[in-house]
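Read through the structure below, which is laid out as structure tokens, and then see the notes.
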């Protein structure tokens, strides 16, 4: 007879398993960070502490251009995706249930389910046709592609926030002479703020480290930071890659921490 | 049809109608699954009165309130405000404000910003918004809390903010949806007095929804008793209590003894053989209602009294409740003011005679 309720923590080997899983997750990352300070040319043999690779990466114009391009794409794509996701979330929560609502929901979240490589190939072919027809070669394709796959990441936290909101607040605003637009502007939007920021940050991070779709969609000279790194690794592997990765990691950690603090504060 | 969102501050004229609902029907669902939350409800609410919609949950009282506020549209019927048809006007175009059961205060705004919201949406000049907001906060005694966030307030204080916010734009009618139900008993009593004071000072028509009969009796000028989507009776608290028209009203408000008998010359003949004096207009079976406090207990040999046996007694402090059985076995309850010592004057098994106070017997419609 079990006198205590079931708890996974008391299963034999729980602690060992947990430690192993955390090691598997974090040892590679710590190794990467450690070797970014390596004085030698090798990414595997330690040759003393040095910040040279950071200096090299910082001075590398290709890295700078790729970083700026990545940020430009991530900012534009997350802005577009967040705007679209906010409208989609309002449309799927702030009106009477309609036929095909589940279908719409699945459609919005399509990028979460369809293999990325499929989307990548599809976009490559689709954009190729447009490129031929219009002659436009710019960054617009990458921004559009990123916006598309970022929408569900922005949509989910915004929708969750809307669903958790007391509907009587909007009713109260209407009762107090607010037009539908004023109700949205003065009540819904301020209360939705944390959800929108969370969605935007998530979309930003997702866009920032995308490789597959970017690799397929980009034209010549449109490397983003992740695709530049991929290209570098094909030629020569130096701790410069480690240094760039570490900086990218720090940026992501900073954004995700801000995301966590924001969503927690307004729980 | 342009309904001004900012009502002119005309003083209430007693006798004129603030709200008139005509044959209002509200159905939810369709076909087989159709539920009529309101089934042909007509009611007239006078300007400046404290009108209460009283009934059990699911009786349709909140639905009627939401139709008057404009949050929902009726399936059929008409709603007039000050004689103007507002049936299909959106809520932001109606000079009617609501105090929500959940208060629905804006959590991202301060107390003062909450109260100012309606005035700002009406497009009032900043100086007037400021002045009115301050006056409203003073009215509900929350001047000191103006810059607080609403989440920092107690339940009673939140209630006052909700009231001030709804009163600030000077609505023609204030709707209150069970606003006191979340408060504890002591606070509820305080707020009842407070609400009456506010209504008196502002002169605004109040439509108050509650399921609490005591609240309805103590606060209202008139009560509309609702059940199963229908208005059962409208009248002053005294009328509702002393002259309930049917079994539902009689049983929902206060305690009542129901006696069934048959129409006879001069009154109603009970199964026990006793003849009760009452004005009966139709032949056949009749239901009578008598309040326990109108049942008088006398000596068993008192002339003209109905013989009864004491079954049990319960001491309530100020009064004493006796369960009695008539000759035919039907039970009846009597409420007697306790004596000075509060001791039980009658013991179970004792034989007594009972009589109903003159004019206390009410003939019910069904």
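Each value in this text was obtained by applying a stated rule to the coordinates, not by laboratory testing. Note that this is a predicted model, so its numbers are computed, not measured. Glycine gets a Cβ as well: all are built from the backbone with ideal geometry, and neighbour counts include every protein chain shown.
Percent of Cα pairs in chain B per distance bin of 20 Å, from zero to the largest separation: 26, 45, 25, 4.
In segment B:50-92, inverting the average of 1/r over every pair of distinct C-alpha atoms gives 11.2 Å as the Kirkwood radius.
Legend: calculated FRET efficiency, residue A:133 to residue A:236, from the Cβ-Cβ distance at R0 = 45 Å, rounded to 0.05, equals 0.70. Pairs of C-alpha atoms in segment B:189-342 farther apart than 18 Å represent 68 percent of all such pairs.
Residue by residue along B:159-168, Cβ atoms of other protein chains within 10 Å of the local Cβ number 1 on average.
Here the residues A:63, B:161, ranked from fewest to most Cβ neighbours within 10 Å of their Cβ, fall in the order A:63, B:161. Where the centre of each part is set by its Cα atoms, how far does segment A:85-122 sit from segment A:204-251, in angstrom? If you average the Cα positions of each part, the centres end up 29 Å apart.
Mean separation of Cα pairs under 8 Å and 6 or more residues apart, divided by the residue count, gives segment B:237-366 a relative contact order of 29 percent. Distance from the alpha carbon centroid of segment B:110-155 to that of segment B:166-241 works out to 23 angstrom. Between 0 and 90 degrees, the angle of helix A:116-134 with respect to the longest Cα principal axis of chain A falls at about 90 degrees.
Remark: the protein assembly as shown projects, on average over all directions, an area of 47.3 nm² (convex hull of Cα atoms).
Working from the Cα coordinates of chain A, the gyration tensor eigenvalues give, after taking √(5λ), semi-axes of 38, 29, 19 Å in decreasing order.
Which percent, to the nearest 5, of DSSP beta bridges fully inside segment B:17-242 are antiparallel? The antiparallel proportion sits near 55 percent.
Shielding by partners for peptide B:48-55, expressed as the average number of C-beta atoms from other protein chains within 10 Å of each residue's C-beta, is 0.
For the peptides A:213-219, B:84-90, A:239-245, residues were scored by their other Cβ atoms within 10 Å and the scores averaged per peptide; the highest-first order is A:239-245, A:213-219, B:84-90. Counting Cβ atoms of other protein chains within 10 Å of each residue's Cβ and taking the mean over peptide B:91-101 gives 4.
Sorting B:40, A:175, A:210 by the number of Cβ atoms found within 10 Å of their own Cβ, with the fewest placed first, yields B:40, A:210, A:175. Taking label positions 7 Å along the Cα-Cβ direction at both residue B:255 and residue A:114, the computed distance is 7.2 nm, reported to one decimal. Normalised by the number of residues in segment A:69-222, the average gap of Cα pairs under 8 Å and 6 or more apart makes the relative contact order 45 percent. Principal axis extents of the C-alpha atoms in segment B:154-208 (largest first, rounded to whole Å): 30, 17, 17. When A:25, B:346, B:198 are arranged by Cβ crowding within 10 Å, least crowded first, meaning fewest neighbours, the order is A:25, B:346, B:198. For the protein assembly as shown, the share of DSSP beta bridges that are antiparallel, to the nearest 5, is 75%.
Dividing the convex hull volume of the alpha carbon atoms of segment B:23-148 by its residue count gives 154 Å³ per residue. Peptides B:271-279, A:220-228 ranked from most to least packed, by the mean per-residue count of other Cβ atoms within 10 Å: A:220-228, B:271-279.
Computed extension gain for residue B:88 through residue B:263, at 0.36 nm per residue and net of the alpha carbon distance, reaches 58.2 nm. If R0 is 56 Å, the Cβ-Cβ spacing of residue A:50 and residue B:147 corresponds to a FRET efficiency of close to 0.50.
The mean sequence separation of alpha-carbon pairs under 8 Å and at least six residues apart, normalised by the residue count of chain B, gives a relative contact order of 15 percent. Between residue B:57 and residue B:102, full extension at 0.36 nm per residue minus the direct alpha carbon distance yields a gain of 14.6 nm.
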